[in-house]
Amino acid sequence: MTVDIPSLTLEQKASLLSGGDFWSTKAIPEAGIPSIVLTDGPHGIRRQAGGADHLGINDAEPSTCFPPAVAVGSSWNPDIARQVGAAVGREALTFGVSVVLGPGVNIKRSPLCGRNFEYYSEDPLLSGVLGAAHVAAMQAVGPGASVKHFAANNQEHERMRISSDVDERTLREIYLPAFERVVTEAAPATVMASYNKVNGVYASQNPWLLTEVLRQEWGFDGAVVSDWGAVSDRVASLAAGMDLEMPGSGGATDQQIVDAVRSGELAESVVDEAVRRVVALAELPHSASGEFDVDAHHALARVLAAESIVLLKNEGAALPLSAPARIAVVGTFAAEPRFQGGGSSHINPTRVDAALDALRQLADENGSSVEYAAGFVLADDDEAETRRREAVQLAGRADVAVVFAGLGDRDESEGFDRTTLALPDAQIAVIREVAAVAAHTVVVLSNGGVVSLEGWHDDVDAIVEGWLLGQAGGSAIADVLFGRVNPSGHLAETIPLRLQDNPSWNNFPGEQGHVRYGEGVMVGYRHYETAAQPVRYPFGHGLSYTTFDTTDLHVEVTGSDTATARVTVSNTGAIPGKHVVQLYVSTDAGPVRRPERDLRAFSKVELEPGESRTIDLALDRRAFAYWDVDLSAWVVPTGDYAIQIGEDASRIVAERRIALGGDVRLRPLTLESAVGEWFAHPLVGPALMRGLTAGMTEEQRKHAADNPDELKMVESMPMQQFLAFTGGAFPAEALDQLMALSRAETVAA
Ligand code: BGC
């Protein structure tokens, strides 16, 4: 669409930079600019026809609730994210929605974050690959995406004003890469600026974040949208690169923009640029068209959900329930499923499958029988004991008990964080008492954030982590329990033994307006592996009903900072299944502390029994790089790197070591540089040594050669201080020359 921006008045232009109502932009019909709708997102469409709100309180039009990101993350399969994105895109078209808000690619820093169900993983690669797949597929269908919440929005506590205090290396290596990947690979129509501050400056008015990093470094050309109500100072936010304020402010902030331009505080060109980006959104489809296939989308939601389920434990092959059996189903979640999280992503589903119904249906087919007892309810309960007793009696008569446990809507949601990982006591009591009498016990979990398995893990035979699976999750769980689907989900986040073991423990959720990301890059498994801290189940863990073998790892160095890995995966069991090849890189090269290992590539592969497949995984420069704060650049240090294939982040099954030339990045020397740095410099060091030894007697030289430790003692001393001790051994002029030499040899960042 060509809009003649200069022909618009300043007032008209300013009016385009905030919402007309809760979910739409303003139109200027005489200039041919339509109003467009932006709405949640991400795993379904929340199109509110009546009263609007941003926390999902008022009902929306029915749409399919696909598996939320917590489930998609566990699929480790970009194709699952793609299918969710495309299907949500199709539904958006039918509602005339131009921009679907999401996906959320924030990192799960703490398992307590109330919104973890809306995020994929504790790992930036996994989050970024899945987020990019979702966005690309949805935008190929038509609607635009709004990748959110940019940035460092990793908790709900005080989310609208807290400052996330994060050092730059940690931002670059952990909290920004998923956004970077989505932006550079999938070009989302919009990026949503989060509520919180980043290092003291609101994300929505942070020029470093919104302009330097997002636009200048990553080349983002879409519009930046505020999270709903995230604007504190409209003029500062516009100047920082925040184009569209949502929702509107009744015109108040539009007037502030006009005033700022008139007073000379804000250049009109900034307004024009933001208008250009907002008007460009009108290129997206914006009138309702067609209908979506409710049945087909529900069936799709079932398939996607089943691939997201993680089989955590399966002792004595308790699952699948293949032989005819008397099955005791216990737990209110079986009949009233919890399948999505609370808050702005809340979907009014077209229908909901209860696992109990699906289990009954599949049990009929294989000659099993199902009986049900609630065991517990989520509300305060005077009948708790009676309910528990009924469940235990039922379990005692059965061949296998399947207990559905988890968290209720009141336990976790957008808007607040949890304070514990524990399941409610009433549920733990039911699990333990049922397990004590049942021949076999299976626990199925429904939860948006990690729950602790302690206190009951060893009592049961099998544990199925069902997360929140969307509206068809009940059927998907039945598919996995009966073996109609072979589970292939893997943990996208660690399940710790204790909450205190989590690296954010001492710094979550912050105090006095600040949350300090004190653990740095050691987030999730990066910490657990580096500190050799035992966990209940590591990142990447997930069982199958078949077995796989990984062999023949070959790694080829393809440049000074790139490599490719090749590995063969075989299905050594009796049924078809999917395996995730997880490639980690481990190194201690470089001047910064590196995690024990980082996930650098992964691939999910489907194999028939007996089938083998060779998988190639490319490792680009970033797979080996760290962010260097001195050079403000990614650096691949010269050194050794171990390429590891893991069954999960803890269990490495194959390893090859490679040496990389890396980058030649010599740092300019100053008088503040340490003596050790002067001597280690490849050009300056030898020259310095020559100068030092030239003035020595033969005896002194011998002494120096025999006592290298004496130099070690002064290695960390800045040259300036060292000079004071040497009594003029190094003339200032000579040092100046050496410093000039060191600058000349610096490779530009
Ligand atoms: C949430 C966003 C959401 C927006 C609109 C905000 O409160 O943080 O994720 O897209 O509301 O509902």
Tell me, which helices (runs of 4 or more DSSP H) wholly within the range 1-117 include 3 or more residues that are among the small types (G, A, S), within 27 Å of A301 (Cβ to Cβ) and away from the ligand (no atom under 16 Å from the Cβ)?
69-75, 78-95
Mind telling me which of the residues A137, A178 ends up being small (G, A, S), within 16 Å of the ligand (Cβ to nearest atom), assigned to a helix (DSSP H, G or I) and at pLDDT 95 or above?
A178
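So, in the range 23-51, exactly how many residues are closer than 30 Å to Q83 by Cα and either at pLDDT 95 or above or of a type in the set (K, R) (or both)?
Restricting attention to the range 23-51, the residues satisfying the condition of being closer than 30 Å to Q83 by Cα are 23-25, 34-50.
When the remaining residues are screened for being either at pLDDT 95 or above or of a type in the set (K, R) (or both), the result is 23-25, 34-40, 42-47.
Qualifying residue count, the range 23-51: 16.
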Go through the range 379-417 residue by residue and tally those that are of a type in the set (K, R) and part of a loop (DSSP other than H, G, I, E, B).
1
Among the residues of the range 34-51, write down those that are open to solvent by less than 10 Å² (accessible area, probe 1.4 Å) and among the hydrophobic types (A, V, I, L, M, F, W, C).
I36, L38, I45
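Which of the residues that make up the range 244-274 are within 16 Å of the ligand (Cβ to nearest atom) and either touching a Cys at 6+ places or on another chain (Cβ under 6 Å) or not aliphatic (A, V, I, L, M) (or both)? Talk me through it step by step, then tell me what you get.
Filtering the range 244-274 for residues within 16 Å of the ligand (Cβ to nearest atom) gives 244-249.
Correct list: E245, P247, G248, S249.
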Farther than 23 Å from L599 by Cβ and hydroxyl-bearing (S, T, Y): does that describe T190?
yes
Any idea how many residues of the range 418-456 are part of a helix (DSSP H, G or I) and either of a type in the set (A, V, I, L, M) or surrounded by fewer than 24 Cβ atoms within 10 Å (Cβ to Cβ) (or both)?
12
Step by step: first the residues of the range 153-168, then only those that are open to solvent by less than 30 Å² (accessible area, probe 1.4 Å) and either within 14 Å of the ligand (Cβ to nearest atom) or of a type in the set (V, I, T) (or both), then the one that is nearest to Y202 (Cα to Cα). Which residue is that?
I162
Please specify each residue of the range 342-394 satisfying the condition of being surrounded by 20 or more Cβ atoms within 10 Å (Cβ to Cβ) and within 16 Å of the ligand (Cβ to nearest atom).
G342, G343, S344, S345, H346, I347
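Can you pull out every residue in the range 403-433 that is within 16 Å of the ligand (Cβ to nearest atom) and of a type outside the set (D, E)?
Quick first cut of the range 403-433, residues within 16 Å of the ligand (Cβ to nearest atom) only: 412-417.
Answer for the range 403-433, where residues must be within 16 Å of the ligand (Cβ to nearest atom) and of a type outside the set (D, E): S413, G415, F416.
Which of the strands (runs of 3 or more DSSP E) found entirely inside the range 492-579 contain at least 3 residues meeting this: surrounded by 16 or more Cβ atoms within 10 Å (Cβ to Cβ) and small (G, A, S)? Step through it out loud before you land on a result.
Numbers: elements: 514-516, 535-537, 548-557, 563-571.
The qualifying strands (runs of 3 or more DSSP E) are 563-571.
Matching residues to (1) in a helix (DSSP H, G or I); (2) buried (at least 19 other Cβ atoms within 10 Å of the Cβ); (3) at pLDDT 95 or above:
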{"residue": "T170", "(1), (2), (3)": "yes, yes, yes"}
{"residue": "V183", "(1), (2), (3)": "yes, yes, yes"}
{"residue": "Y195", "(1), (2), (3)": "no, yes, yes"}
{"residue": "E212", "(1), (2), (3)": "yes, no, yes"}
{"residue": "G229", "(1), (2), (3)": "no, no, yes"}
{"residue": "A239", "(1), (2), (3)": "yes, yes, yes"}
How many residues, within the range 580-604, are surrounded by fewer than 17 Cβ atoms within 10 Å (Cβ to Cβ), modelled with pLDDT of 95 or more and farther than 19 Å from A649 by Cβ?
1
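Per-residue answers, yes or no, for (1) in contact with a helix residue (DSSP H, G or I) (Cβ under 8 Å, 6 or more places away or on another chain); (2) over 16 Å from V182 (Cβ atoms); (3) surrounded by 24 or more Cβ atoms within 10 Å (Cβ to Cβ):
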| residue | (1), (2), (3) |
| --- | --- |
| D53 | no, yes, no |
| S63 | yes, yes, yes |
| W76 | yes, yes, yes |
| A81 | yes, no, yes |
| T94 | no, yes, no |
| V99 | yes, no, yes |
| P103 | yes, no, yes |
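The values are calculated or read from the model by the stated rules, or taken from the named source; none is laboratory data. Predicted model only: the values in this text are computed from it and were never measured. In this analysis, Cβ positions are derived from the backbone assuming ideal geometry, glycine residues included, and neighbour counts consider all displayed protein chains. Just the protein is used for accessible areas: all its heavy atoms, side chains included, with ligands, DNA and RNA removed. Shrake-Rupley method; radii C 1.70, N 1.55, O 1.52, S 1.80 Å.
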